[in-house]
Amino acid sequence: MKKILFVVSQIGTGGAERVISTLASDFAEKGNDVTVITFRDTENAYPISSKVNMVRVTGNPLQRALAIRKYIQKHRIEVYVSFELNYGCLCAFGTGVRYITSMRNDPKHDVVSTRERVFRFMNFLLADHIVFQTEEIMSFFPTSIRSHGSVIMNPLKEGLDEYHGVRRKEIVAVCRLEKQKNIPMMIQAFQKVALRHPDFVLKLYGDGGLRSEMEQIVQAQGLKGRFLFAGFQSEIDKKIKDAYMYICTSDYEGLSNSLLEAMAIGLPCVTTDSGGGGARSVIRDGVNGHLVPVGDADAMSSCMNRLIEDQAYADELSLEASKIRKVLSREVICREWEKLFI
């Protein structure tokens, strides 16, 4: 049994939070003493095992760091995992805890200050191990950091239903409504598809700061009632499993959990070859999905039209995509993390 501490700002709707909830639950259910420290007073967006100790820490970054450090020492934590907490090394320094951190986005496009980049570099340099989501992301950093890093993809959540059958005339996307997701490209691509296939709609699951602006663009393009904003919803996989296809238009990503889940449930997928290499690491173009250049709405709409117009081809991609279930199962990925705890 290990005493393990995970630290994340909140168990919100992001991919990092879902991975934390999955890892913490798995290790707690296997008999380890697991605690998750969060900072924000928000309701958990993802299920987490009742065997996990949930602790809230408040205050400014210095106060949080001191509280985390005190918790590590008081409870004799053996393994401490933080996701993008750039002062995480300060909490661990001199305590004897094994400190593991992770890079969750594409560092080439991350909008952070020079000071934050320096803090991140020092945090990675002093960590015992860094987990990257893709080889491309890891290659961004110098040898001094890569030497104690490795690539571990995200685990799929449990209970995903695989579906291969008659599909609704609905295209789906799942993402935050933020600039990096390039929703205007999604609207532009669907507009071209909608002209050719007037019986199809697109439903976007997710919320964000750009929702009002995107709704205005949809209305201006005459797509109201065709391009639908469904907001954040739980158990999205059950709502989209019999949709016609999944699309993603991100300019850059770490590794999109929604893409992985769409593949696992058997949805034909079309995604941009986004910065960070996440999509490229799981999609073999024309075999288990389609990769299109970032920002290329014409290429995106062309692939979407092909899937709509060639049902047999779409079914082939669906079957190949669902094979990712074995590669990224919770058991496989959690055991990869477990090797780092020794």
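The values are calculated or read from the model by the stated rules, or taken from the named source; none is laboratory data. Given the structure is predicted, the values throughout are model-derived calculations rather than measurements. So basically every Cβ, Gly included, is an ideal-geometry build from the backbone, and we count neighbours across all protein chains shown. Note: areas computed on protein heavy atoms with side chains; ligands, DNA, RNA excluded. Shrake-Rupley method; radii C 1.70, N 1.55, O 1.52, S 1.80 Å.
Selection of region 120-175 for residues being polar (S, T, N, Q), touching a residue at least 12 places away in the same chain (Cβ under 8 Å) and not in a helix (DSSP H, G or I) yields Gln133, Thr134, Ser150, Asn154. Within the set Val57, Val19, the sole residue that is in contact with a strand residue (DSSP E or B) (Cβ under 9 Å, 6 or more places away or on another chain), more than 28 Å from Leu328 (Cβ to Cβ) and open to solvent by less than 40 Å² (accessible area, probe 1.4 Å) turns out to be Val57.
Residues that are touching a residue at least 40 places away in the same chain (Cβ under 8 Å), buried (at least 16 other Cβ atoms within 10 Å of the Cβ), in a helix (DSSP H, G or I) and of a type outside the set (Ser, Thr, Tyr) within region 316-332 comprise Leu317, Ala321, Ile324, Arg325, Arg330, listed in sequence order.
Screening Leu85 against (1) in contact (Cβ under 8 Å) with a residue 40 or more places away in the chain; (2) assigned to a helix (DSSP H, G or I) leaves a single unmet condition, (2).
Would you point out which residue out of Asp41, Asp33 is more than 19 Å from the chain's Cα centre (by Cα), crowded, with 17+ Cβ neighbours inside 10 Å and among the charged types (D, E, K, R)? When all the criteria are applied, what remains is Asp33.
Considering only residues in region 272-283 that are crowded, with 23+ Cβ neighbours inside 10 Å and among the polar types (S, T, N, Q), the one that is nearest to Val218 (Cα to Cα) turns out to be Thr272. The set of residues from region 163-179 being surrounded by fewer than 18 Cβ atoms within 10 Å (Cβ to Cβ) and out of contact with any helix residue (DSSP H, G or I) (no Cβ under 7 Å at 6 or more places or on another chain) comprises Gly165, Val166, Arg168, Lys169, Glu170, Glu178, Lys179.
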